[in-house]
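Okay, so here's the structure we're looking at.
The values are calculated or read from the model by the stated rules, or taken from the named source; none is laboratory data. All values reported here derive from a predicted model rather than from experimental measurement. Cβ placement follows ideal geometry from the backbone for every residue including glycine, while neighbour counts extend to all protein chains displayed.
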Amino acid sequence: MNILLVGAGFSGAVIGRELAEAGHSVKVVDSRPHVAGNCFTERDSETNVMSHIYGPHIFHTDDKEVWEYVNKYSPFKPYVNRVKTTTQSRVYSLPINLHTINQFFGKAMRPDEAREFIESKADVSIDDPKTFEEQALRFVGGELYEAFFKGYTQKQWGCHPSELPASILKRLPVRFNYNDNYFFHRYQGMPEHGYTKIVESILDHKNIKVSLNTSFTKSEVPEFDHVFYSGALDGYFDYELGRLGYRTLDFERFTCTGDYQGCAVMNYGEESVPYTRISEHKHFSPWEEHKESVCYREYSRACGENDIPYYPIRLVEEKELLVKYVELAEMVDGVTFVGRLGTYRYLDMDVTIREALDTAREFLVCTQKGKQMPSFFVSPLG
């Protein structure tokens with residue numbers, strides 16, 4: 001079959017490779033001049049540091065098959081994400097852990113003592129938290145909320161935490177031990193040669209043709225037996241019902257000699273600091289040595305028409321509009337919407353790859369049984 005993949009990020013690359021290995025002819029197009037989407041990495045021309053051009057990406061997963069899949073295309077090195085935050089003129093570890101609590105309150109509590117102490121700070125009058133702010137006040141209390149969540153959240157989302165749903169703060173962001181590993185996952189690491197190399201390797205197959213700087217139009221759909229579209233869902237329909245809401249990021253690059261901040265990521269929790277964090281990219285490759293350093297200050301704002309969409313907002317208005325776009329998409333034959341933009345969901349890399357593998361396998365099953373591939377393998381409304 002003749003298959004078109006719109007987008008050369010992980011979704012398009014993985015689906016394309018699976019179908020190419022099954023004998024199908026695959027074309028991958030991307031409007032950007034490079035593959036790998038927002039995971040794109042390259043050597044900084046001034047410092048030679050491997051840089052994450054669209055912001056830091058740390059690979060973490062409990063999915064053994066996905067971990068083995070990415071390592072097949074490029075070796076990974078051990079990497080533990082240890083995030084720091086500056087607030088009230090002090091530096092703390094994130095996520096909030098026993099060290100953070102003892103340091104912030106000037107105490108030396110054991111886990112059981114700290115748990116009881118934090119419960120005494122919590123607003124237990126909030127039985128059923130509806131908003132982000134209520135969730136934080138209920139589980140960590142006003143002082144930790146003000147220091148670590150309020151300002152950062154306002155900058156990241158562009159609205160007060162009382163306007164955000166409690167679901168954004170899904171799990172209790174407190175550990176009553178000294179574990180400062182940001183993630184819980186079994187497999188964690190960084191690709192030795194960057195993410196771009198992985199995607200290039202995945203796309204390196206005789207049945208795959210890649211065209212960069214190439215825009216897609218709906219008029220091309222009849223030319224192919226099937227299309228997998230990983231662009232913006234509303235963009236496919238030329239935004240005819242309006243635009244879905246996203247946050248975008250601006251990056252302010254600067255260089256220095258030596259070590260600027262002593263860690264890969266430093267958050268800034270106070271609203272008075274306009275940026276959300278600074279990332280120092282040579283710390284993402286601790287097995288390398290560099291005399292010079294490249295850093296990026298990161299600013300979050302509403303996504304405009306010509307901006308790169310990063311985080312789907314998915315608040316009430318967006319969800320109502322999303323339902324309408326999903327209904328339109330389900331009436332389109334021969335197109336499956338995939339990935340972060342195609343399903344308007346925030347997806348970690350490992351989930352993106354898992355869904356791409358499963359989507360490709362489902363397509364092969366549908367083809368074998370003579371069934372039509374659905375518009376969504378994973379519903380955006382789930």
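For this structure, a couple of remarks:
- Flag for R301 being touching a Gly at 6+ places or on another chain (Cβ under 8 Å), within 26 Å of A36 (Cβ to Cβ) and surrounded by fewer than 17 Cβ atoms within 10 Å (Cβ to Cβ): yes
- Checking each residue in segment 267-277 for being among the hydroxyl-bearing types (S, T, Y) and part of a loop (DSSP other than H, G, I, E, B) picks out S272, Y275, T276.
- Evaluated against (1) over 26 Å from G269 (Cα atoms); (2) not assigned by TED's automatic domain parsing to the domain that holds E240, F216 falls short on exactly one condition, (2).
- Scanning segment 305-313 finds one or more residues that are buried (at least 18 other Cβ atoms within 10 Å of the Cβ), over 28 Å from T255 (Cα atoms) and in the same structural domain as A36 (by TED's automatic domain parsing).
- Candidates are the residues of segment 72-129 that are β-branched (V, I, T) and closer than 22 Å to E271 by Cα; the one that is surrounded by the fewest Cβ atoms within 10 Å (Cβ to Cβ) is V91.
- Qualifying helices (runs of 4 or more DSSP H) (wholly inside segment 296-382; at least 2 residues being of a type in the set (V, I, T) and closer than 30 Å to V49 by Cβ): 349-369
- Scanning segment 328-373 for residues that are under 22 Å from L244 (Cα atoms) and loosely packed, with under 15 Cβ neighbours inside 10 Å turns up E330, M331, Y346.
- Of the residues making up segment 142-159, those that are touching a residue at least 60 places away in the same chain (Cβ under 8 Å) and of a type outside the set (A, V, I, L, M) are F148, F149, K150, G151, Y152, Q154, K155, Q156, W157, G158.
- Pairs are defined by a Cβ separation below 8 Å, a sequence spacing of at least 6 or placement on different chains, a first member in segment 341-354 that is closer than 10 Å to P380 by Cα, and a second member that is in a loop (DSSP other than H, G, I, E, B) and of a type in the set (D, E); no pair meets this definition.
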